[in-house]
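Please treat every number below as a calculation from the coordinates, not as lab data. Quick caveat: nothing in here was measured; it's all calculated off a predicted structure. So basically every Cβ, Gly included, is an ideal-geometry build from the backbone, and we count neighbours across all protein chains shown.
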Amino acid sequence: MFNLVIFGAPGSGKGTQSEKLIDRYGLTHISTGQVLRDEIASGSELGKVADSYISKGHLIPDDLMVKILADEIDRLTPSSKGFIFDGFPRTVAQAEELARMLAERGEDIHSVIGLEVPDDELMDRLVKRGAVSGRADDNPETIKNRLNVYHTTTSPLRDYYLAKGKYKSIHGLGSVDEIFDRIASEIGE
Ligand code: AMP
């Protein structure tokens, strides 16, 4: 399998670039944010728990999130050539669990694609997206919390994956196609 992590702050373009990577490499998309939004829309118990965190811009606790991801991997593995993990991992504990889960299945992460975008641009993009996305967490107050959580809890993963030689830094400003070309030349497949 060919497994990628697409990494970056909220609004850095992970979802958009994932779609292009799926088209080019035939990969299976696992967006943990989307899995949670589907649970909320279905009105499930898990959705109610998830909503209480997402609406505040907080992270879902690691143990719950890891279990949700393991279920998705098991559900999708039989039909997959490889995964794009979008929005996971967001903590070092999640990264360690991801490595463990993949190793158990004889798999590994090929590359971590890090989309790097300055904060003022992220804020601008997310506020604009909020006007059309209908996402409850795309409002200025929650966006501020999400960016804060990103900087304090998630961005240390950049160094974590750099140390493993897996992190590919991608300049995240420019057109969608320009950014995709940078990604494709970094992963070189
Ligand atoms: P996203 O669509 O990736 O921006 O995720 C939306 C929200 O879902 C986040 O702000 C978190 O509240 C929650 N979420 C998604 N993925 C994770 C994760 N890996 N760990 C914890 N919370 C997550």
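Any chance region 102-111 includes a residue that's farther than 26 Å from residue 182 by Cα and either within 15 Å of the ligand (Cβ to nearest atom) or in contact (Cβ under 8 Å) with a residue 40 or more places away in the chain (or both)?
Yes.
Taking the condition hydroxyl-bearing (Ser, Thr, Tyr) and near the ligand (Cβ under 10 Å from one of its atoms), does residue 28 pass?
no
Output the number of residues of region 15-39 satisfying the condition of being surrounded by 21 or more Cβ atoms within 10 Å (Cβ to Cβ) and in contact with a Ser or Thr (Cβ under 8 Å, 6 or more places away or on another chain).
Residues in region 15-39 being surrounded by 21 or more Cβ atoms within 10 Å (Cβ to Cβ) and in contact with a Ser or Thr (Cβ under 8 Å, 6 or more places away or on another chain): 1 in total.
Provide a single number: the residues in region 73-100 that are closer than 21 Å to residue 15 by Cα and within 11 Å of the ligand (Cβ to nearest atom).
Adding up the residues that qualify gives 10.
I'm trying to understand the selection: among the residues of region 60-73, which are within 22 Å of residue 138 (Cα to Cα) and crowded, with 18+ Cβ neighbours inside 10 Å?
Residues satisfying the conditions are 60, 65.
Mind counting the residues in region 97-119 that are surrounded by fewer than 19 Cβ atoms within 10 Å (Cβ to Cβ) and outside any loop (DSSP other than H, G, I, E, B)?
Final tally of qualifying residues: 8.
List the pairs whose first member sits in region 21-50 and is on the phi > 0 side of the Ramachandran plot, whose second member is outside any helix (DSSP H, G or I), and whose Cβ atoms are under 6 Å apart, counting only residues at least 6 apart or on separate chains?
26/81
Run residue 76 past the list (1) exposed (fewer than 15 other Cβ atoms within 10 Å of the Cβ); (2) without any contact (Cβ under 8 Å) to a residue 40 or more places away in the chain and report the number of the one that doesn't hold.
Of the numbered conditions (1) exposed (fewer than 15 other Cβ atoms within 10 Å of the Cβ); (2) without any contact (Cβ under 8 Å) to a residue 40 or more places away in the chain, the odd one out for residue 76 is (2).
For region 53-63, indicate whether the set of residues that are touching a residue at least 60 places away in the same chain (Cβ under 8 Å) and more than 15 Å from the ligand (Cβ to nearest atom) is non-empty.
The answer is no, given that none of the residues of region 53-63 is touching a residue at least 60 places away in the same chain (Cβ under 8 Å) and more than 15 Å from the ligand (Cβ to nearest atom).
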